[in-house]
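For reference, the structure discussed in these notes is given below.
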Ligand SMILES: NC(=O)c1ccc[n+]([C@@H]2O[C@H](COP(=O)([O-])OP(=O)(O)OC[C@H]3O[C@@H](n4cnc5c(N)ncnc54)[C@H](O)[C@@H]3O)[C@@H](O)[C@H]2O)c1
């Protein structure tokens, strides 16, 4: 099999491409480099620069590389940006996916893995989010991921494509320093950014109905997430998975913002007290996955804990500062 990894030069995509190549799969990456970093990919993984919105290019890449399966990660992913630019998010995340799926169906490709997100659930008031928890996204980013799932499942049924939608929870860490998240939209790099500037970490709201008043999330190491993609791809290739699977990818363990900041203090040695600011609109008090279905269907479970996520992310952060 040869797998096309869209968004393969991105933070998660590069981990997925490397994990799959290291496991002996043939992979080719497609990335428009709007947020991607080509150096994240080793020389043995070809990178095609281009957009999923370019149907002719995608068709050519599928044919030239004899692609037999697709892992689709390419997307815009910033919630605030999606509120300001919903048309762009729908064009890139839903339009880009539609164009890609047309090319996939035309090429007779039968396996497709889609990067979805816990953002599809919105703010459910449950202790553990299962795949049956109703989806009610609260921002355009989450809407594009939910619409993406509908598109993937419908195209799969209509065109005989076996599909897996992976709903990631909060991704953190780095498999190697060079692969670290370079954006500051996720909480771990956001706190590093504050500390590096000599500023205290910020907590948005400490009056939530949670044990310490701060929001509780389910953090997943990006290396574990990459292994989940490999498990999904292998399952589709070996037909142990017949498709139409939608599954949470998390650890099933809640960690509060205050607890996370304490771990960051231990790892960085900078234990300054966080400042508490107002709640941000749209933040759920608690979002923790049930990880049961992933264990049952993918035979996958997370291996790394929060300290390893923070330590590996910090190594990547410091390596970037040293450049
Ligand atoms: N990081 C998280 O916590 C998280 C959580 C849930 C879901 N996701 C999803 O995981 C996927 C990867 O996220 P990431 O954190 O690696 O983000 P990222 O921005 O690092 O990676 C996305 C990659 O896709 C590329 N890209 C964007 N639009 C493209 C297009 N139209 N055609 C080709 N390439 C395009 C970018 O250049 C980038 O390299 C996204 O689909 C995102 O929505 C991420």
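The values are calculated or read from the model by the stated rules, or taken from the named source; none is laboratory data. Note that the structure is predicted; figures quoted are calculated from it, not measured. No Cβ is skipped: glycine too gets one built from the backbone with ideal geometry, and neighbour counts run over all protein chains shown.
Of everything listed in (1) in contact (Cβ under 8 Å) with a residue 12 or more places away in the chain; (2) surrounded by fewer than 18 Cβ atoms within 10 Å (Cβ to Cβ); (3) more than 10 Å from the ligand (Cβ to nearest atom), the single unmet condition for residue 150 is (1). The residues of the stretch 191-211 that are within 16 Å of the ligand (Cβ to nearest atom) and out of contact with any helix residue (DSSP H, G or I) (no Cβ under 8 Å at 6 or more places or on another chain) amount to a single one, 193.
Entry remark, the stretch 52-67: residues being surrounded by fewer than 23 Cβ atoms within 10 Å (Cβ to Cβ) and touching a helix residue (DSSP H, G or I) at 6+ places or on another chain (Cβ under 8 Å) number 4 in total.
Results for (1) within 13 Å of the ligand (Cβ to nearest atom); (2) over 14 Å from the mean Cα position of the chain (by Cα); (3) assigned by the TED database to the domain that holds residue 301; (4) not in a loop (DSSP other than H, G, I, E, B), shown as yes or no for each residue.
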{"residue": "133", "(1), (2), (3), (4)": "no, yes, no, no"}
{"residue": "142", "(1), (2), (3), (4)": "yes, no, no, yes"}
{"residue": "145", "(1), (2), (3), (4)": "yes, no, no, yes"}
{"residue": "189", "(1), (2), (3), (4)": "yes, yes, yes, yes"}
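Quick one: which of 158, 178 is part of a helix (DSSP H, G or I), within 14 Å of the ligand (Cβ to nearest atom) and surrounded by fewer than 23 Cβ atoms within 10 Å (Cβ to Cβ)? Just one listed residue meets the conditions, 178. Mind listing just one residue for me: the one in the stretch 27-42 that is in contact with a strand residue (DSSP E or B) (Cβ under 8 Å, 6 or more places away or on another chain), free of Cβ contacts under 8 Å to residues at least 40 places away in the same chain and crowded, with 17+ Cβ neighbours inside 10 Å and, of those, nearest to residue 230 (Cα to Cα)? Ranking the qualifying residues of the stretch 27-42, first place goes to 27. Please tell me if residue 104 is closer than 21 Å to residue 235 by Cβ, under 16 Å from the mean Cα position of the chain (by Cα), crowded, with 24+ Cβ neighbours inside 10 Å and away from the ligand (no atom under 11 Å from the Cβ). No; evaluated as a whole, the condition is false for this residue.
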